[in-house]
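All remarks here apply to the structure that follows.
What follows is calculated from the coordinates using simple rules that are stated; it is not laboratory data. Just so it is clear, the structure is predicted and the values come from calculations on it, not from any experiment. Glycine gets a Cβ as well: all are built from the backbone with ideal geometry, and neighbour counts include every protein chain shown.
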DNA sequence: TCAATATACTCACTGAGTAAGTATATGATG
DNA sequence: CATCATATACTTACTCAGTGAGTATATTGA
């Protein structure tokens, strides 16, 4: 019986594939350096171990998003230089201009990463990203609230869970609105950081 | 070279092992039924597929937390009945009276589940759970804020991430305080649900 | 009658994530 | 001067998380 191949899953957007692609979009690098930059620039957002970094790079290469080349170094273990392929670039750009659902974690992790790369690579995308994310959250809140009315009243904890999610999304909305204002006025987000 | 065995990892508390143990603490059941009850009572909190349910049951049995017995049924595929072992009971009780860290997801998912089982099995634990969780979050906010001052100012997105986490934890604190009040007054959480 | 649905579970796979191992060069410390 | 920690750079081998497809049978309803 022929086993159906899963057609290269879209890969949970909460895996650090995209930050790695983003770092490679800025410049080619080898794994060790990528890991360092990731920890440096995004250490409070993502944690991945060094070996996990290599795992992901291997997968990205297998998928054709990046291409690696061995580089001999004298007096040093040889290392593998990676660069983004056209396909990987394409994939990254699509990701960069997309919107996450309304999970607070996804916003904190994925959206923030996206915002960082947008700011550094395509700043013109920033206002649209903020706007669409706000719309997305608003409609998410709506869905949660209408979902809540459909739950039977005896499912107390299911209802509490939905309620909690709504109460988590509200401050996200405020935060995004502040980001919008800061970007419009200053072209950066420093204001958010210094009250 | 002898490979060191990893000594049965404590298993991320965000895996649905504990809700399954909890359901089995209420009464013995077979996998299919457990899955149904899980989706019924906690469908807005956990999603696990049927096969994942079986995976976890298999692991729990291997670990000795539950014991399964095959049960022949006439005119039916035979099924496997699981019950909690003493060891599993012990493990569940320890979990039931413990505290999650201050990740908002962990609170929504794990804490809420814990609260549900505490209410149904050991209601006397509820006030302590709420109180300790509040303390935990307060100290978490403190840690995040002090962490923020230690980050170099150029790490804008790392700082934004910490800030966001703080702004997510504040409403959790309010919510827990409301829960405390509701429990003190009514012995349930209905008030939280009807604004 | 026969198709959909419910019951009940297995298998094989990809992906997430870690620990430990392999090498080599450099700088600090006694 | 020896040696010991640390930084560079990557591999191997493992467990756990999670999904999709497959197997098998009985019931219900159109």
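Things to note:
- Here the spin labels are modelled as points 7 Å beyond Cα on the Cα-Cβ line, and at residue B:150 and residue B:83 they lie 5.1 nm apart.
- Inter-centroid distance (Cα atoms) of region B:99-171 relative to region B:34-57, Å: 25 Å
- Helix B:17-26 axis, angle to chain B major axis (alpha carbon atoms, nearest 10°): 60 degrees
- Hydrodynamic radius (Kirkwood) for chain A, which is based on Cα pairs only, to one decimal in Å: 19.0 Å
- Label sites at residue A:138 and residue A:98, each approximated as a point 7 angstrom past Cα along Cα to Cβ, lie 2.4 nm apart.
- Inter-chain neighbour count for B:149-160: the average number of beta-carbon atoms from partner chains within 10 Å of each residue's beta-carbon is 5.
- Shielding by other protein chains, A:43-53, mean Cβ within 10 Å: 2
- Shortest-first nm distances, residue B:149 label point to equivalent points in other copies (7 Å, Cα→Cβ): 4.8
- Convex hull per residue volume in Å³, alpha carbons only, for the protein assembly as shown: 214 Å³
- Reference-scaled alpha-carbon Rg (2.2 N^0.38 Å with N residues) for region B:104-186: 1.31
- Per residue of peptide B:161-167, the mean number of Cβ atoms on other chains within 10 Å of the residue Cβ is 6.
- Each copy carries a label point for residue A:178 at 7 Å from Cα along the beta-carbon vector; from one copy to the others these points are 2.1 nm apart, nearest first.
- Calculated FRET efficiency for the pair residue B:178/residue B:47, C-beta based, R₀ 25 Å, to 0.05: 0.40
- Using 0.36 nm per residue and subtracting the Cα-Cα separation, the extra length available between residue B:67 and residue B:194 on full extension is 41.6 nm.
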